[in-house]
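Everything below concerns the one structure shown next.
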Amino acid sequence: MSSRIHHSGLRSKVMSAEEAAAFIRPGTTVGMSGFTGSGSPTAVPLALAERIRAAHDRGEEFRINLHTGASTSPEMDGALAEVDGVALRAPFQSDPAMRAKINAGEIDYVDTHLSHLAQTVWNGFYGPMHTAVVEISAIREDGTLVPSSSVGNNKTWLDLAEQVILEVNSWQSADLEGLHDVYYGTALPPSRKPVMITAPSDRIGQPYFEVDPAKVVAVVETHAPDRNSPFKPADDDSIAIAQHLIEFFEHEVAQGRYDERLLPLQSGVGNIANAVMAELVKSRFKGLTAYTEVVQDGMLDALDSGTLATASATAFSLSTEAAERFNDTVAAYRDKLILRTQEISNHPEVVRRLGILAMNGMLEADLYGNVNSTHLMGTKMMNGLGGSGDFARNAFTSFFLTPSTAKNGDISCIVPMVSHVDHTEHDVHVVVTEQGLADLRGLSPRQRARLIIEKCAHPDYRPALEDYYERALKGSDGLHTPHLLGEALSWHQRFLDTGSMKQG
Ligand code: 0RQ
């Protein structure tokens with residue numbers, strides 16, 4: 001038996017994943033751990049998927065409502081979607097099988113701000129939570145739990161669930177102990193108190209989760225690596241976007257808006273975010289801080305090089321190579337890295353107080369700075385909003401980043417009107433593509449439109465955007481935000497009809 005289980009009562013509950021999965025009943029709500037592939041349980045979800053498959057083969061109904069921290073692993077989202085085991089999913093996913101079922105209308109998906117899910121579950125909008133399935137890295141003698149590579153919503157699931165299944169994963173480094181900051185001060189209004197974080201390095205909680213041992217029905221031992229996706233090497237577009245950003249940072253330092261250590265950085269998930277960190281490492285900036293959601297490879301490199309002094313997040317999202325390197329050297333990061341609950345890592349109050357520089361990816365922006373981060377051609381879900389709204393709305397400067405085109409140039413990521421709005425023009429300060437950077441602060445809608453076309457649109461689409469805008473100035477009913485309503489979404493329809501937004 002694993003040396004990671006030090007509580008005798010909980011040691012007596014060790015069983016197989018199949019036995020543990022048998023505690024999960026059809027039609028119930030399950031809160032699982034997992035955030036961008038890190039800290040997801042693997043054995044119990046796989047065993048549950050097999051149970052669901054067998055039930056379906058017998059002609060029985062078996063689906064669950066599934067809540068997590070964010071995206072998980074093929075062993076959870078993938079396996080459960082493939083057996084049609086999920087009725088409702090929240091708050092974020094990025095799995096191809098899950099995405100396909102959501103877009104086929106077979107799974108209800110609640111795409112919500114990551115900092116909001118815990119409080120909406122507390123408030124009962126999703127009904128009772130029956131089971132929590134949480135990966136941890138160890139159980140201490142007093143029954144408290146050492147979190148693994150993500151904290152996410154685990155504290156809330158452990159508090160709320162009627163029964164708890166623990167996966168103790170010995171693949172996770174034992175040295176993770178002490179790195180986490182689990183805040184037990186959250187309360188519902190009117191009893192809320194200020195969240196007393198005034199610097200990214202502040203600790204306001206405790207390093208362990210608490211759980212009532214009487215609620216724990218099963219403990220399953222695993223030795224499973226996080227689902228770590230490789231990053232694409234930075235391409236020319238990502239490097240150009242990163243360079244525009246760094247030039248802008250220099251400009252803001254010169255203007256006296258940021259000091260030499262900038263302001264705490266939040267950097268979204270994906271290849272562009274990783275490339276931004278890589279370019280920052282090459283820049284002159286040193287001793288920066290991050291108050292963000294995930295730690296990707298680029299951020300680890302930035303901590304190694306001294307570009308970053310501290311990073312606060314809720315999860316790791318590392319490539320296999322970086323995860324192995326990190327696992328061998330966790331102790332060295334103990335006073336530079338903090339993983340918090342996602343209510344706190346993404347807390348709007350803290351984001352506003354610290355003055356975050358929020359850098360998130362997007363699918364498309366329109367002439368006025370409205371941003372779509374989630375919906376392909378307005379109707380199909382890509383991943384979800386994630387934490388982008390938590391940060392963008394309250395940031396000191398909110399940046400949205402994308403290459404100017406997608407799908408080999410057949411899609412312009414700058415369009416007359418976005419086909420879905422996640423971030424309104426009021427929450428978007430700076431739009432960046434490989435073509436350039438549009439600083440929208442202080443500009444009216446008409447001023448923004450001209451700047452976005454000039455700085456951000458791809459040359460292949462610039463004339464058509466200029467043409468649309470000039471005709472809108474003549475034909476729009478109102479001239480505050482000029483639009484030709486009958487034509488505003490015609491670029492998307494053309495793509496659906498012909499496979500390209502380009503005009504004949
Ligand atoms: O699809 O790979 O099939 O070609 O979308 O696009 O350019 O690789 O960009 O990986 O950075 O993802 C918005 C999805 C961008 C991500 C999004 C297609 C494109 C490609 C991916 P293919 P790229 P990225 C929270 C941070 C929301 C959540 C968030 C995201 C694929 O950033 O999920 O912000 N964001 N979390 O071809 C149709 C368009 C398209 C398009 C790109 N306009 N229309 N398809 N694609 N633009 C905060 C944290 O702290 C983590």
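What follows draws every value from the coordinates through simple rules; no lab data is involved. Quick caveat, the model's predicted, so the values are computed rather than measured. Cβ: placed from backbone, ideal geometry, glycine included. Neighbour counts: every protein chain shown.
At-a-glance table
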read-out: Förster-model FRET efficiency, 25 Å R0, Leu479 and Gln503, C-beta, rounded to 0.05; value: 0.50
read-out: Relative contact order of the range 8-222, defined on C-alpha pairs under 8 angstrom at six or more residues apart (%); value: 24
read-out: The range 236-460: projected area of the alpha-carbon convex hull, averaged over directions, in nm²; value: 12.1
read-out: Full-stretch length increase - Arg284, Glu321 - with 0.36 nm per residue and alpha-carbon distance subtracted; value: 10.7 nm
read-out: Computed over the chain, Kirkwood Rh from alpha-carbon pairs, angstrom; value: 23.5
read-out: Prolate/oblate/rounded label for the range 64-126 (Cα gyration tensor, a/c 1.5); value: prolate
read-out: Whole-number percent relative contact order across the chain, with pairs defined as alpha carbons under 8 Å at least 6 apart; value: 14
read-out: Neighbourhood net charge (10 Å Cβ-Cβ; Lys/Arg +1, Asp/Glu -1) for Gly499; value: +1
read-out: Theoretical gain in end-to-end length, Leu489 to Ala97 [0.36 nm per residue, Cα-Cα removed]; value: 138.3 nm
read-out: ³J(HN,Hα) computed for each position of the range 36-51 - Karplus, 6.51 cos²θ - 1.76 cosθ + 1.60, integer Hz, glycine/proline x; value: 6, x, 9, x, 7, x, 10, 5, 5, x, 5, 5, 5, 4, 5, 5
read-out: Overall form of the range 360-424 per C-alpha gyration tensor (a/c, 1.5; a/b vs b/c); value: prolate
read-out: Within the range 427-504, trypsin sites (Lys or Arg not before Pro) in DSSP loop having at most 13 other beta-carbon neighbours inside 10 Å; value: Arg441
read-out: Residue-by-residue Karplus 3J(HN,Hα) for the range 381-396, coefficients 6.51, -1.76, 1.60, Hz, glycine and proline x; value: 6, 8, 10, x, 6, x, x, 4, x, 4, 7, 4, 4, 10, 5, 6
read-out: Long-range HN-HN contacts of Gly361 with modeled amide H, under 5 Å; value: Gly268, Val269, Leu401
read-out: Backbone HN-Hα couplings from phi across the range 446-461 [Karplus 6.51/-1.76/1.60, Hz, Gly and Pro as x]; value: 5, 5, 5, 4, 5, 5, 5, 4, 5, 8, 10, 6, 6, x, 5, 10
read-out: Under-5 Å amide H pairs with Val14, H placed in peptide plane, nonlocal only; value: Val219
read-out: DSSP-defined beta bridges in the range 8-222 - what % are antiparallel, rounded to 5; value: 20
read-out: Relative packing of 351-360, 371-380, 476-485, which averages over residues the other C-beta atoms within 10 Å, highest first; value: 351-360, 371-380, 476-485
read-out: For the range 398-426 and the range 71-138, distance of Cα centres in Å; value: 26
read-out: Under-5 Å amide H pairs with Thr29, H placed in peptide plane, nonlocal only; value: Asn65, His130, Thr131
read-out: Restricting the range 264-304 to trypsin sites (Lys or Arg not before Pro) in coil, as DSSP defines it, with at most 10 other Cβ within 10 Å; value: Arg284
read-out: Along the chain, longest interval not containing exposed GluC sites (Glu not before Pro), exposed being DSSP loop plus at most 16 other Cβ atoms within 10 Å; value: 261-486
read-out: Residue range of the chain that is longest and free of chymotrypsin sites (Phe, Trp or Tyr not before Pro) which are both DSSP loop and sparsely packed (at most 13 other C-beta within 10 Å); value: 185-504
read-out: Computed [θ] at 222 nm, deg cm²/dmol, the chain (DSSP H ≥ 4; -39,500 (n - 2.57); rounded to nearest 500); value: -8500 deg cm²/dmol
read-out: For the chain, share of DSSP beta bridges that run antiparallel, in % to the nearest 5; value: 25
read-out: Estimated inter-spin distance, Asp460 and Asp212, nm [label 7 Å along Cα→Cβ]; value: 6.0
read-out: Cleavage-rule hits (trypsin sites (Lys or Arg not before Pro)) in the range 1-70: DSSP loop, at most 13 neighbouring Cβ within 10 angstrom; value: Arg58
